[in-house]
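Structure, as structure tokens:
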Amino acid sequence: MVLHLPTPTRRTFLTSAAAFSASTLLPVSGLRSARAASLKEFRLKAAPGQARLAPEPYGETPVWSYNGTVPGPEIRVRRGDRLRIMVENGLDEETTVHWHGVRTPNAMDGVPHLTQAPIAPGETFAYEFDAVDAGTFWYHPHRNGAEQVGRGLYGPLIVEEAEPVRVDRELTWVLDDWRLTKAAAIDDDFGNRHDMAHNGRVGNTVTINGRLPEIIPVRAGERIRLRLINAANARIFGLDFADLDPIVIALDGQPVTGHAPAAGLVVLGPAMRCDLIVDMTGPPGSRITVADRFYRAREYRLVDLAYAETPLRDAAPDWSVELPANPLAEPDLSTAIRHEVAFNGGMMGQMIVAEMGGSMGEGASSGMMGGMSGGMMGNMMNMMHGQGIWFINGKAATGHVMDPLLTLPRDRTCVLAMTNATAWHHPIHLHGHSFRVLSRNGQPTARREWQDTVLMAPREKVEIAFVADNPGDWMFHCHILEHQASGMMGVIRVAEKEERT
Ligand code: C2O
Ligand code: CU
């Protein structure tokens, strides 16, 4: 079901919007209850502009941005609202917008050629969909993503709960990582082979909300909901909040049982989000440093939180931190279809495949984690002498349109047993669905968290499960944008019921 929409004008859009509301393209669970909602309209214009990323004496940086700001404007609605977002392309090249993590109908997913014709320079496309889930999401282009996102095209999309958790203040930190020259210009070397084959375009300048952050004022006793969004092409963050004890309440927009971050670090691969409840428990007048410690021996101070002299209250409040659940269909593991997915390629890839292949015979696939079958391993070895740099089940994508990697019958539970047979981390993202992370290296996860992007460590095996309830062709790819651009991308098709698979 590949939809090629005509070059959109307001008129053709209205026709197609009417077609969606008609019936079959409203597949996502929970969507129907949202029908009566109010319509919220937004305009985004992607265009070249300037942003002050680095302080004086540096000049402003030429960027590409939405509505002239980096990040683009915060789109904020309430769960159940319907969004209509008119996107105008003021760039010299085609673009699209993808609403990362939002379970939209396929035709609104913003994937060039696969779900829509790209938006040509000077054209406008109207996206319209319901906010079926509350949570922290974001938007970004899906055409020439490594460069368009890397030059500043992204913004937060916040869907509020009908009854949000109680806090004193809410902050959104959109994290980004830029590769700037000495003149504070964006280095043009997008798509170089070294970045592609290693850990992507890791930069040299980290910003919060498009600024090199200095100090964020807080008050003793204050409770903050902090929404973190990693909009970087490639950098993985591991945030250390020093003496504070942040509680993770949502991952990738989806509520999770409140818990302390593992090993004290809030880890966010590219595209991942995390909602934290942070109680400001330090003394008035003091300061704490939030540091990023993900890459060993490359730690740095991200930002300082500075307490005002007067406290807000004497002790942390005891308000509930539990978020209401979103209407996600619960996977039924007893009837699940199981597929193996192997990622390989990149620098040192052959070595890892050889090493992991030896430790995983055919027999391994009947175990809890499964393994790669001998055939799959052979395929991978062969393909690695071909064109691409990265492969999913032996295939390297060259564009967004391709034969599906997997075809799933609609409404069935699917378990993907994924193996990262590479020497690098990969944040793996599935469009159109959220999935539960069932296990890592054979160990069941403690909270079976819902995610739309799961960070896989080198050699790691991860099992995920989801109900394939959103029909269409969905991208499945690494969100290190240089890996995606050099092959680590596939299509998962959710077939209509009538189709045989
Ligand atoms: Cu955030 Cu395929 O994208
Ligand atoms: Cu990757």
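A few points about this structure:
- Filter pass, residue 431 being under 19 Å from the mean Cα position of the chain (by Cα), farther than 17 Å from residue 338 by Cα and away from ligand 2 (no atom under 14 Å from the Cβ): yes
- The strands (runs of 3 or more DSSP E) located wholly in the stretch 393-479 that include 2 or more residues which are under 20 Å from residue 334 (Cα atoms) and in contact (Cβ under 8 Å) with a residue 60 or more places away in the chain occupy 406-409, 413-421, 435-440, 461-467.
- So residue 333, is it modelled with pLDDT of 95 or more, in contact with a strand residue (DSSP E or B) (Cβ under 8 Å, 6 or more places away or on another chain), of a type in the set (A, V, I, L, M, F, W, C) and open to solvent by less than 20 Å² (accessible area, probe 1.4 Å): no
- Residues in the stretch 180-203 that are in contact with a helix residue (DSSP H, G or I) (Cβ under 6 Å, 6 or more places away or on another chain) and not in a loop (DSSP other than H, G, I, E, B): 195, 196.
- Complete set of residues in the stretch 90-104 that are out of contact with any Lys or Arg (no Cβ under 8 Å at 6 or more places or on another chain) and either more than 16 Å from ligand 1 (Cβ to nearest atom) or β-branched (Val, Ile, Thr) (or both): 91, 92, 97, 102, 104
- Checking residue 191 against (1) open to solvent by 10 Å² or more (accessible area, probe 1.4 Å); (2) modelled with pLDDT of 95 or more, the condition it does not meet: (2)
- Residues that are within 24 Å of residue 253 (Cβ to Cβ) and out of contact with any Asp or Glu (no Cβ under 7 Å at 6 or more places or on another chain), drawn from the stretch 318-329: 319, 320, 321, 322, 325, 327, 328
- The set of residues in the stretch 427-479 that are acidic (Asp, Glu) and under 17 Å from residue 492 (Cβ atoms) comprises 452, 463, 469, 473.
- Residues of the stretch 68-89 classified as touching a residue at least 60 places away in the same chain (Cβ under 8 Å), of a type in the set (A, V, I, L, M) and either within 16 Å of ligand 1 (Cβ to nearest atom) or touching an Asp or Glu at 6+ places or on another chain (Cβ under 6 Å) (or both), total: 1
The values are calculated or read from the model by the stated rules, or taken from the named source; none is laboratory data. Just so we're clear, the structure is a prediction, and the values are computed from it rather than from any experiment. Here Cβ is always computed from backbone atoms with ideal geometry, including for glycine, and neighbour counts include all displayed protein chains. SASA here: full protein model, heavy atoms, side chains in, ligands and nucleic acids out. Shrake-Rupley method; radii C 1.70, N 1.55, O 1.52, S 1.80 Å.
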